1. Within the stretch 60-75, track down each residue that is within 18 Å of V27 (Cβ to Cβ) and more than 16 Å from ligand 2 (Cβ to nearest atom).
2. Name the single residue, out of those in the stretch 53-66 being of a type outside the set (S, T, Y) and in a loop (DSSP other than H, G, I, E, B), that is surrounded by the most Cβ atoms within 10 Å (Cβ to Cβ).
3. Within the stretch 283-293, identify whether any single residue is in a loop (DSSP other than H, G, I, E, B), at pLDDT 95 or above and crowded, with 21+ Cβ neighbours inside 10 Å, and answer yes or no.
4. Looking at the stretch 1-52, which of its residues are in a loop (DSSP other than H, G, I, E, B), among the basic types (K, R) and either more than 16 Å from ligand 1 (Cβ to nearest atom) or surrounded by fewer than 23 Cβ atoms within 10 Å (Cβ to Cβ) (or both)?
5. Name the helices (runs of 4 or more DSSP H) wholly within the stretch 67-170 that hold at least 2 residues that are hydroxyl-bearing (S, T, Y), closer than 21 Å to G39 by Cα and in contact (Cβ under 8 Å) with a residue 40 or more places away in the chain?
6. Considering only the stretch 242-262, I want to know if a residue exists there that is among the polar types (S, T, N, Q), farther than 22 Å from R20 by Cα and either touching a residue at least 60 places away in the same chain (Cβ under 8 Å) or surrounded by fewer than 20 Cβ atoms within 10 Å (Cβ to Cβ) (or both).
7. Among the listed residues L273, L279, which satisfies the condition of being touching a helix residue (DSSP H, G or I) at 6+ places or on another chain (Cβ under 7 Å) and on the phi > 0 side of the Ramachandran plot?
Amino acid sequence: MSDFRVTLLGTGVPIPSPERFGPSTLVEAGDQKFLIDAGRGATIRLYQLKVPIGRIDVQLLTHYHSDHTSCLPDVWLTGWLESHFGTRKSPYKVIGPTGAKKLMANLERAYEDDIKIRVADEKLPLSGIATDVTEFDRDGPVYEKNGVKVIAFEVDHGDVIKPCYGYRIEYGGRVAVFSSDTRYNENVIRYGKGADLLVHEVAMARPELMKQAYIQRIIGHHTTPYDCGRVFAQTRPKLAAFTHVVRLASIEVPPPSVEEMIADVRKTYDGPLEMGEDLMSFEIGDTVTMQRRMPR
Ligand SMILES: [Zn+2]
Ligand SMILES: [Zn+2]
């Protein structure tokens with residue numbers, strides 16, 4: 001069994017769907033646990049996995065769209081509680097592109113009264129609710145400890161949606177790469193080279209819906225299945241997996257099916273591929289194996 005595991009906690013988008021929670025991914029490497037983004041429901045998924053919220057060593061952020069950060073106060077505050085699902089005693093460590101410090105400082109202000117009350121009432125240690133935030137503004141290593149190296153790389157989520165970064169996590173000679181939200185981008189290919197697991201976002205609308213300007217705008221911020229296939233074909237991961245699954249629809253036009261999305265990928269990529277779902281996990285060893293936890 002490998003001690004390098006990736007679990008998709010939420011594979012959704014801003015839609016408040018009970019099937020696909022907000023974007024968030026758990027990465028376990030040796031004795032360390034990383035959370036990439038904290039979309040809606042991340043704490044619920046951690047609870048389902050019996051991973052104490054306070055056990056997260058590092059919170060990584062990709063960008064500041066609210067669907068990726070709305071559960072951040074919950075991870076931070078609930079992870080501090082004394083119950084078995086909390087128990088964080090040391091500062092909440094956050095690493096993200098420029099903006100992370102402002103976000104956390106404002107959360108500290110927003111929840112000031114709760115923190116005061118809990119310190120007075122529950123005698124929770126102040127050290128456990130303190131934050132330790134590191135910001136970066138370029139490609140490169142952002143964390144290195146106990147054999148785990150985290151490298152941030154800029155992606156292209158749109159002309160004004162900046163900053164936005166993906167992550168490459170290396171451990172024990174294995175590599176997991178996360179695209180974050182991006183349109184087709186050479187940097188994902190560059191940093192995706194040699195990936196055992198490549199987790200990529202995807203977005204699709206049926207052709208009849210593509211006539212609408214707002215749909216074109218959304219698709220323009222993401223990667224179509226056809227273009228994801230081009231990324232996978234150039235990086236050749238042992239396994240490619242989709243998360244942040246954008247399936248656009250309107251009242252008249254239904255969303256594309258998973259089969260339609262896969263069929264479009266197959267025009268450009270013939271290698272191993274999984275359509276991600278919440279609580280799907282991947283063990284990264286000599287091979288990459290997938291496990292589902294959601295009832296089908
Ligand atoms: Zn986004
Ligand atoms: Zn997003």
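The values are calculated or read from the model by the stated rules, or taken from the named source; none is laboratory data. Everything numeric here is computed off the predicted structure, so don't read it as measured data. Because the Cβ atoms are built from the backbone with ideal geometry, glycine has one as well, and the counts that use them run over all protein chains shown.
1. Here is the first cut: in the stretch 60-75, the residues within 18 Å of V27 (Cβ to Cβ) are 60-63, 68-69, 71-72, 75.
Selection gives V75 alone.
2. Of all residues in the stretch 53-66, those of a type outside the set (S, T, Y) come to 53-61, 63, 65.
Then drop every residue that is not in a loop (DSSP other than H, G, I, E, B), which leaves 56-57, 61, 63, 65.
Details: I56: 23, D57: 19, L61: 27, H63: 21, H65: 20.
Checked the stretch 53-66; the qualifying residue surrounded by the most Cβ atoms within 10 Å (Cβ to Cβ) is L61.
3. No, the conditions are met nowhere in the stretch 283-293.
4. Initial filter on the stretch 1-52 (in a loop (DSSP other than H, G, I, E, B)): 1-3, 11-23, 30-31, 37-41, 49-52.
Going one step further and asking which of them are among the basic types (K, R), we end up with 20, 40, 50.
Listed by number, the list holds a single entry, K50.
5. On the way: elements: 72-78, 100-110, 112-122.
It comes to none.
6. Going through the stretch 242-262, the residues among the polar types (S, T, N, Q) turn out to be 243, 250, 257.
Now restrict to residues that are farther than 22 Å from R20 by Cα: none.
No, that holds for no residue.
7. Of the residues listed, the single one that is touching a helix residue (DSSP H, G or I) at 6+ places or on another chain (Cβ under 7 Å) and on the phi > 0 side of the Ramachandran plot is L279.
One line per residue, one yes/no per condition, for (1) among the hydrophobic types (A, V, I, L, M, F, W, C); (2) out of contact with any strand residue (DSSP E or B) (no Cβ under 7 Å at 6 or more places or on another chain):
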residue	(1), (2)
G220	no, yes
Y226	no, yes
G229	no, yes
F232	yes, no
T235	no, no
K238	no, no
T243	no, no
R247	no, no
